[in-house]
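J.: Please see the structure below; I have some questions.
What follows is calculated from the coordinates using simple rules that are stated; it is not laboratory data. Computed from a prediction, not measured in an experiment: that's the story for all the values here. Cβ placement follows ideal geometry from the backbone for every residue including glycine, while neighbour counts extend to all protein chains displayed.
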Amino acid sequence: MFNLALKNILFYKGRSITTLILTFISALMFIVYVSMMDGSHESMLKNALKVYTGSIEIYKKDYRDIGGNEYLITDVQKIEKELDKIEGIDTYTARYETYGLLSSSTQSSASLVAGVEPLKEPSMSQLKVALVEGEFLSPTSGNCLYAGVDLVKKLEAKLGDEISFVGAASDNSFAADLFKLCGTFRTGSFSFDASSAFIARAYFDELMMSHNKASYINIKVHDLNDVDTINTQISAKIDDSIESLTWKTLMKTMVDAMEVDSIFGYITISIFYVVIFFVIMIFGFINVSSRIREFGTLRCIGLSRQKIRTLLFYEIFILSSIAIMIATPIGAYIAYYYSVHPIVIDGMSEMYKDYGIISDEIPFSFNLFTITWNISVVYLLNILSILYPMAFINSFKPVEAAHHV
Amino acid sequence: MIKIQNVNKYFYKGESREVHALRDINLEIKKGEFSLFNGPSGCGKTTLLNAIGALDSVDSGEIYLGETEITGLNEDARTSLRLNEMGFVFQAYNLVPVLNVEENIGFIMKLRGFSDSEIKARVQEVASFLEIDTKLKSLPNTLSGGQQQRVAVARAVAAKPKIILADEPTANLDSKNSLKLMDMMRSLNEKEDISIVFASHDELVIDNVRRVIKLKDGALVED
Amino acid sequence: MFKLILKLAWNNAFLRLSRTLLVIIMIAVSMSMLLAIQGLFDGMAYNMSDKMLRSDSGEISIYHKDYRLNKIIANHVTDAKTIKAKLEQDSEVQAVVTRFSVDGLSATARKSSFANIIGINLEDEEKFGQFSDFLKKGTLDFKKRGALIGGELAKTLKVKVGSKLVFSTQDKNGDINSIALRIRGILRTANVKLDTSAIFIDAVRLDKFLGIDKNIATQIAIRTQSSTLQDKLKKDYPNLSVKNFLEINPMMQMMEDSMVIFNSMIFVIVMFVVFIGILGVMYVSILDRIREFGIMRGIGMKYSHIRLQIILEALFVGLMGYLVGALFGFSGLYYLENVGLDLSAYADAMESFGYETILYAEIKLSYFTNTFYAIFTASLLSVFLPLRKIKKMHPIDVIKADT
């Protein structure tokens, strides 16, 4: 039966070529399109995670919803001791964040001001590598302020300038100090660069009375895939007033946005599949109806309906396989190539900076699992497309079909 | 070998255009017979042939092939009966266009699971008998009508069926080719001891068979 | 003769019913999906730009030359109210508003965030862009230090209608000054910048708070249908920056461009595949009947008549598909225009990107005309190849041709 199918494919060239080309196009397009879509989503997430957000963060409950000094973590060391016992955690750091008004001699701006641990932060976030001018913080850098370039621009300040800070300390008392601008950074995320400034915790804790307190503890894990298991372990060890959240919760908005984007992507691409499905079906149907007599003869001389189905299945299966076997490596190569050498659209990040896009690059995602399910869909559609022709041909009586003109 | 008892068949049953295609046919065809259903168009000869060939059902009566009642079988059983016990030759040759002559002849044997060496030997034997052994690698559409029909006969014969049913095999052939075909089928009938039943109104066929069964308006009129 | 050919074409088009039906279904399904998606995308883009237009820039905005690069109090339009009064006299201008905007810190007892306070006149804004349309919660009311706040900013600050809020910024002399406000309403403008940072208060109160002259503004926004107004204003106010909507929102231009490219690509590819489908069916249908055509030519029918018959046949099939597709497509679009696609499950994400949680489609006549032309062309082209086959054949060969 398999040989016969092969011969039919070679014999009915028009149908074979059309099916091959369409299957090839759809498989290739599917792989590349999904790879591009997933790739840009992954890179957005990765960039966002890299900048400042941790893969797991520990909060006092309600800090994220209500916030304020009542919802600070008050015994950081106790939690840190627990974290030391959990495997899979790379590093962690406790940050103390507050909002205040920063003013230079001419301008002022509201900003996030965070006390961070200068030695731990470089392995947790992009802060240190994002350095543009001056230097990053150190444990002894005192009142040195490390601020985003766009914030500095707003303040019309330059390195070495004094920046005044007005805010509320962790006990709700008034806090004010003079900082010195020691370094500026650019992460690429506009909203972050325009409204964040950092200062060494040792110094900031004195000002804010925030020793052993934290807004949250930021955790980096060895392998991002383990994040859920590690999170469960952490949750088991901390008390009920504290919650441990993974990036999936922390960046819910972004994750949701990507899901919406994916939905639209799939809806769009599904049009192609519907059309291509129909065309492959039509060509299969035309092919079968031009072979009614042949199938009739086969039935007469003793081929069962099942055998006819098998024959048609083999035909579409072989055609699909050939097309997919050509398309998959090409698609995979394109995906792989662009995952290593992302497409660059100059000015894209500038244009979409309000939307959190921080890079001009569109990297593709190269994921064998994704490619596998993409081609499975193409296979499935092709095989579905032959069902109607199968039913059609088997609806004939053998004698009728054998004498069909 | 074939026993037909009180067979009736209608087309468009229950409609105003109802046709009584077969009327109370009673008939026996013995092993090794070389016979013909003859009659004008629409007399029911093809219908009868199809009924014997388990291609078509009947409305009443029974047809036996040996001990098996064909008329009582389901579709699967009939398919396997056709495959294992019968051979068919059609007016329009109906070869598989994508297979070459050798593969066409060996096709049924292959379906029945003969080994490749068995098939090869048998195809060679049948083909040389039917004088198409020089064309074994050709595709059907490169052959003349006479050659194609001989390939069809070869295909029917190759798997040694109990009976071959040939519906107007000569209708598309000129008289020279028709005669040659009839000669060859007759020799096959004798040599291989296979019953062959024709349905035809070709004079040339009538002259060459041993038994002529005449039908008119679905009824047996002469044997 | 034509009538006869028409009849032949019609009957032949539906001779092999299942085949023709397949093509019709193919055209109809792909067309209605195409229309629905285009409508939805256009609807989204339209909705977004419409809201940005109404909430902020209008068709044209006038700023101080340096304001857009450096948004400080000093970069204001000095005689804004005078300009506004003058523009209101212009018959090409439908509405004008002046706004004063300044960045600062907004803080509650627990949270604080960067914010942009904008002094507006509610009546003017209503006329300018149906401002009340943006209100999602609360009331439009500036009484008793009332303020309206962008939805995302409200989320960041964790404030509700009725919450109190302090806004601090530098006044015109550079001194830090604070004002206590009470949230009266929460807005959703689909303009990401406004939603994440805007606090609207009464223009008069802001002037007083900042100690500025009430005649000045940072922005004069204009609604107009005129395409020449911008050039005229540029001439009238050479020292000011007169920008149109797309210049102010380059992203919308880019979005629009990429949408057009994307939509046309989908359109062309889908129509090409549809073409292949029709071609296949027409080709086979003609091969099936090649003997019939041979006989027709044999008995003296002119080639041009046969050609006409085949062309009509293809058009019948194509147009049937088009009609069914247009019907389904229109119903789909009508549904999406009125009921919409409910994505409230992703409300957070949609809102943060400036989209409504329920997406509504646009219906444009051009969808139907474009598809009509495309399908018409595809049908016409599809007979080209089969016709050549017939033309090349001699009538005698055709009659002899074995089916």
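J.: Please go through the residue pairs A:158/C:234; C:71/C:111; A:180/A:237; A:85/A:213; B:162/B:216; B:110/C:392 and name each one whose alpha carbons sit more than 30 Å apart in this structure.
T.: Table pairs above 30 Å Cα-Cα are A:158/C:234; A:180/A:237; B:110/C:392.
J.: To continue, here is another question. Evaluate the distance, in nm, between pseudo-label points positioned 7 Å from the Cα of residue C:172 and of residue A:172 along their respective Cα→Cβ axes.
T.: 3.8 nm
J.: Just the isolated ones, please: cysteines in the protein assembly as shown lacking another cysteine beta carbon under 4.7 angstrom.
T.: For the protein assembly as shown, the answer is A:300, B:43, because their Cβ atoms have no other cysteine Cβ under 4.7 Å.
J.: Now, a different point. Per-residue HN-Hα couplings for the stretch A:11-20, Karplus 6.51 cos²θ - 1.76 cosθ + 1.60 at θ = phi - 60°, whole Hz, x for Gly and Pro?
T.: 6, 8, 5, x, 5, 4, 5, 4, 4, 4
J.: What's the extension gain from residue A:262 to residue A:84 if we count 0.36 nm per residue and subtract their Cα-Cα distance? Walk me through the numbers before you get to the answer.
T.: Working: separation 178, 0.36 × 178 = 64.08 nm, distance 3.84 nm.
Residue separation times 0.36 nm, minus the Cα-Cα distance, leaves 60.2 nm.
J.: While we're here: Let me know the shape class of the stretch C:60-224, please: from the alpha-carbon gyration tensor, a ≥ b ≥ c as square roots of the eigenvalues, rounded when a/c is under 1.5, otherwise prolate if a/b is greater than b/c, or oblate.
T.: Oblate is the answer for the stretch C:60-224, as a/c is 1.5 or above yet b/c matches or exceeds a/b.
J.: Something else about it: Using 1/(1 + (r/R0)^6) with R0 = 60 angstrom and r between the beta carbons of residue C:86 and residue A:77, what's the FRET efficiency to the nearest 0.05? Before the final figure, lay out each step's value.
T.: Working: r = 67 Å, r/R0 = 1.12.
Approximately 0.35, to the nearest 0.05.
J.: Among the aspartates and glutamates, select those whose C-alpha is under 20 Å from the C-alpha of residue C:172, and discard any that sit fewer than 8 residues away in the same chain.
T.: The reachable aspartates and glutamates, counting only those whose Cα sits under 20 Å from residue C:172, are A:156, C:66, C:79, C:103, C:202, C:207, C:213.
J.: Given just the C-alpha atoms of the stretch B:1-68, how large is their convex hull per residue in cubic angstrom?
T.: 84 Å³
J.: Rank these for me by crowding, C:114, C:41, going from fewest to most other beta carbons within 10 Å. Each step should come with its number before you reach the end.
T.: On the way: C:114 23, C:41 20.
Listing C:114, C:41 from fewest to most nearby Cβ atoms yields C:41, C:114.
J.: Considering only Cα-Cα distances, which of the following residue pairs are longer than 28 Å: A:120/C:164; C:193/C:243; A:307/B:180; B:3/B:160?
T.: A:120/C:164; A:307/B:180
J.: How high is the relative contact order of chain B, given as a whole-number percent (alpha carbon pairs under 8 Å, six or more residues apart)? Intermediate results must be reported in sequence, preceding the final value.
T.: Numbers: 430 pairs, mean separation 67.9, N = 223.
Rounded, it is 30 percent for chain B.
J.: Whole angstrom only: what separates the Cα centroid of the stretch A:228-282 from the Cα centroid of the stretch C:312-383?
T.: The distance from the Cα centre of the stretch A:228-282 to that of the stretch C:312-383 comes to 28 Å.
J.: Label the stretch A:180-245 by shape, choosing from rounded, prolate and oblate, from the square roots a ≥ b ≥ c of the eigenvalues of the Cα gyration tensor; if a/c is under 1.5 it is rounded, and otherwise prolate applies when a/b is larger than b/c, oblate when it is not. Each step should come with its number before you reach the end.
T.: Working: a/c = 2.92, a/b = 1.45, b/c = 2.00.
Oblate.
J.: Now a separate question. Order these by the 10 Å Cβ neighbour count, fewest first: B:182, A:29, C:259.
T.: C:259, A:29, B:182
J.: How large is ³J(HN,Hα) for each residue in the stretch A:252-267, as worked out from phi by the Karplus curve 6.51 cos²θ - 1.76 cosθ + 1.60 (θ = phi - 60°), to whole Hz, x for Gly and Pro?
T.: In residue order, the calculated couplings are 3, 4, 5, 4, 4, 4, 5, 4, 4, 4, 5, 4, 5, x, 5, 4 Hz.
J.: Then there is this: What is the set of long-range amide H partners of residue A:163 at a cut-off below 5 Å, with H atoms built 1.01 Å from backbone N?
T.: The answer is A:179, A:180, A:181.
J.: How many partner chain Cβ atoms sit within 10 Å of a residue's Cβ in peptide C:169-176, on average, as a whole number?
T.: On the way: counts 5, 6, 0, 0, 0, 5, 1, 5.
If you average over the peptide's residues, the count of other-chain Cβ atoms is 3.
J.: Another question, then. With no solvent and one equal point scatterer placed on each C-alpha of the protein assembly as shown, evaluate the Debye formula and give log10 I(q)/I(0) for q = 0.05, 0.07, 0.09, 0.10 Å⁻¹, two decimals.
T.: After summing over all Cα pairs, the log10 values are -0.52, -0.78, -1.02, -1.18.
J.: Averaging sequence separations of C-alpha pairs under 8 Å and six or more residues apart, then dividing by the length of chain C, give the relative contact order as a whole percent.
T.: Computed value for chain C: 26 percent relative contact order.
J.: List, in order, the whole-Hz ³J(HN,Hα) value for each residue of the stretch C:57-67 obtained from phi through the Karplus relation with A = 6.51, B = -1.76, C = 1.60 and θ = phi - 60°; use x for Gly and Pro.
T.: 7, x, 6, 9, 10, 10, 10, 5, 3, 9, 4
J.: Per the helix-only calculation at 222 nm, which mean residue ellipticity applies to chain C, given -39500 (n - 2.57) for every DSSP H run of n ≥ 4 and division by its residues, nearest 500 deg cm²/dmol?
T.: Using -39500 (n - 2.57) per qualifying helix, the result is -17500 deg cm²/dmol.
J.: Hey, got a sec? Which trypsin sites (Lys or Arg not before Pro) in the stretch B:129-223 land in a DSSP loop and have at most 13 other Cβ atoms within 10 Å?
T.: B:137, B:210
J.: Rounded to the nearest 0.05, what FRET efficiency is calculated for residue B:138 and residue A:11 with R0 set to 22 Å and r the Cβ-Cβ distance?
T.: Values: r = 14 Å, r/R0 = 0.64.
The computed FRET efficiency comes out at 0.95.
J.: Give the long-range amide H neighbours of residue C:218: residues separated by 5 or more places, or on another chain, with amide H under 5 Å away, using H modelled in the peptide plane at 1.01 Å from N.
T.: C:77, C:99, C:100, C:101
J.: Given the stretch C:60-224, what percent of its DSSP beta bridges are antiparallel, to the nearest 5?
T.: 75 percent
J.: So who's got an amide H within less than 5 Å of the one on residue A:143, skipping anything under 5 residues away but keeping other chains? H placed 1.01 Å off N, in plane.
T.: none
J.: Follow-up. Any chance you could get the radius of gyration and Dmax over the Cα atoms of chain A, in Å?
T.: 31.0, 99
J.: Pull out a ≥ b ≥ c, the square roots of the eigenvalues of the alpha-carbon gyration tensor of chain C, then state rounded if a/c is under 1.5, prolate if not and a/b is larger than b/c, and oblate in the remaining case. If you can, show how the numbers build up before the last one.
T.: On the way: a/c = 4.31, a/b = 2.88, b/c = 1.50.
Prolate, because a/c is 1.5 or more and a/b exceeds b/c.
J.: With each pseudo-label sitting 7 Å past Cα toward Cβ, what's the residue C:339-residue A:305 distance in nm, one decimal?
T.: 3.8 nm
J.: For residue A:105 paired with residue B:223, estimate the spin-label separation in nm (one decimal), with each label point 7 Å from Cα along the Cα-to-Cβ line.
T.: Simple spin-label model gives 12.9 nm for this pair.
J.: Follow-up question, since we're still on this one. Which order results if C:305, A:211 are arranged by neighbouring Cβ count within 10 Å, fewest first? Don't jump to the answer; show the numbers that get you there.
T.: Values: C:305 17, A:211 13.
Ranking C:305, A:211 by Cβ neighbours within 10 Å, fewest first, gives A:211, C:305.
J.: How well do other chains shield peptide B:96-108, expressed as the mean number of their Cβ atoms within 10 Å of each residue Cβ?
T.: 4
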